[in-house]
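First comes the structure, then the notes that go with it.
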Amino acid sequence: MALRQNRHEWGPRMTDSMFRAATQDHSYETSETRDQAQLLQLLNPQRLFAAYALAQLEPDAFPYTHWWISRHRGHSSLVCHSRAGLGDATFALGDPDGVAAILSIHPGQYQTFATAKPDHITALEEAYSLTGARTMLRMHLTADRFQPVEPPSDQGVSVFRLRGHQVRTLNRLYGSEGGPTSYQSRHIDDGCYHGVVEKGRLVAVAGTHAVSPSQRIAVIGNVFTHPRHRGRGYATLATSASSAALLRSCDDVVLSVDPSNLPAVRAYEHLGYTHADDIVEAAARRRSGGLTVGFRSLLANFRGRRHQLQIVHR
């Protein structure tokens, strides 16, 4: 009799619990936007993390981007897919479940390079197979903290601004470890690249991933030293020169560095860079094929048809 009573009591509780779960709102309203004012409202509060995305708003890059916003219970998420740089890139910001909702129906190109926050890893892994995912330090520099370094005057070392017509020399340097390189003249001229020359040979370089003149922010990257010339401070020299040039027109200069690369972290700190945030970077390959994504998108369109939205259930 006691057993029947426990089962009788347990049954309604289970039913109530299931009913509450079924009625919880897990709908994410998703839409594409080209409204730059709306995008700036989302990006600016995290501008040091979002520096690359801010640069995608520039007139030469914006036509090659797609922006998706998801909203759920007052929380917003953003995903940007860009083809404006050296390769396809994806940027994510905001509520992780909202990011996952967007990526479930708009994962972008088959292969991309993803930048996000550490709490977005699960969302990224739902949509992509990640390679080389790692948490990086986002470091930040302003003019008042900048401590430039100069090349030694007695060792035949000089630093100069690279131009597009020198792209072959630059590609040879980047390819010195056997990897493929695909820099074009426009990448050099549109960015800010400085090289270190020792005895007439280019041995180190520091450039940019993205520059936003309108938002006065830039992302330094592509820092590289020839394997036979490492340990001499050449990467620091090149980074110093590019930082100095960028700070003439930018309020903020940022870069990303592997926290386990202590010599690089210390070199950047010596220049005045400070730790501002943690980010995740990874090469990403889509898990789902076009038919699966297309079906999900069609279903999201059907759910949101009355409001001209896509609604994703999670």
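The values are calculated or read from the model by the stated rules, or taken from the named source; none is laboratory data. Owing to the predicted nature of the structure, the values given are computational and were not obtained by experimental measurement. For neighbour counting, all protein chains shown are included, and Cβ atoms are generated from backbone atoms with ideal geometry for every residue, glycine included.
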What are the pairs, 6+ residues apart or on separate chains, where a residue within segment 162-176 that is in the same structural domain as G200 (by TED's automatic domain parsing) has its Cβ under 7 Å from a residue that is among the aliphatic types (A, V, I, L, M) and assigned to a loop (DSSP other than H, G, I, E, B)? L170/L162
Name every residue in segment 176-206 that is out of contact with any Leu (no Cβ under 8 Å at 6 or more places or on another chain) and within 28 Å of N44 (Cα to Cα), in order of residue number. R186, D189, D190, G191, A206
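Going by the conditions given, is A53 in contact with a helix residue (DSSP H, G or I) (Cβ under 7 Å, 6 or more places away or on another chain), within 26 Å of D258 (Cβ to Cβ) and part of a helix (DSSP H, G or I)? Before the answer, list the steps.
On the way: in contact with a helix residue (DSSP H, G or I) (Cβ under 7 Å, 6 or more places away or on another chain): yes; within 26 Å of D258 (Cβ to Cβ): yes; part of a helix (DSSP H, G or I): yes.
It is true that A53 is in contact with a helix residue (DSSP H, G or I) (Cβ under 7 Å, 6 or more places away or on another chain), within 26 Å of D258 (Cβ to Cβ) and part of a helix (DSSP H, G or I).
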Residue tally, condition without any contact (Cβ under 8 Å) to a residue 12 or more places away in the chain and closer than 26 Å to Y52 by Cα, over segment 126-161: 1
Do we have R186 as part of a helix (DSSP H, G or I) and basic (K, R) here? yes
Given the conditions (1) within 15 Å of M136 (Cβ to Cβ); (2) surrounded by fewer than 17 Cβ atoms within 10 Å (Cβ to Cβ), every one holds for R285 apart from (1)
Quick check on segment 139-188: of everything there that is at pLDDT below 95 and of a type in the set (D, E), which residue is surrounded by the fewest Cβ atoms within 10 Å (Cβ to Cβ)? D154
Give segment 117-129 a look and list any residue that's among the hydrophobic types (A, V, I, L, M, F, W, C) and in contact with a helix residue (DSSP H, G or I) (Cβ under 6 Å, 6 or more places away or on another chain), or say none. A123, A127
So which pairs qualify, if the first residue must be in segment 219-236 and closer than 21 Å to Q155 by Cβ and in the same structural domain as R201 (by TED's automatic domain parsing), the second must be part of a helix (DSSP H, G or I) and among the polar types (S, T, N, Q), the Cβ gap must be under 6 Å, and the two must be at least 6 apart or on different chains? V223/T239; H226/S176
Looking only at residues in segment 115-134 that are among the hydrophobic types (A, V, I, L, M, F, W, C) and part of a helix (DSSP H, G or I), which one is surrounded by the fewest Cβ atoms within 10 Å (Cβ to Cβ)? I121
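Scan segment 281-304 and give yes if some residue there is in a helix (DSSP H, G or I), touching a Ser or Thr at 6+ places or on another chain (Cβ under 6 Å) and either assigned by TED's automatic domain parsing to the domain that holds L48 or in contact (Cβ under 8 Å) with a residue 40 or more places away in the chain (or both), otherwise no. First the steps, then the outcome.
Pass one, segment 281-304, residues in a helix (DSSP H, G or I): 290-303.
Among the residues that remain, those that are also touching a Ser or Thr at 6+ places or on another chain (Cβ under 6 Å) are: 296.
From what's left, either assigned by TED's automatic domain parsing to the domain that holds L48 or in contact (Cβ under 8 Å) with a residue 40 or more places away in the chain (or both): 296.
Looking through segment 281-304, at least one residue is in a helix (DSSP H, G or I), touching a Ser or Thr at 6+ places or on another chain (Cβ under 6 Å) and either assigned by TED's automatic domain parsing to the domain that holds L48 or in contact (Cβ under 8 Å) with a residue 40 or more places away in the chain (or both).
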Of the conditions (1) in a loop (DSSP other than H, G, I, E, B); (2) surrounded by 18 or more Cβ atoms within 10 Å (Cβ to Cβ); (3) in contact with a Ser or Thr (Cβ under 7 Å, 6 or more places away or on another chain); (4) not hydroxyl-bearing (S, T, Y), the single one that G85 does not satisfy is (3)
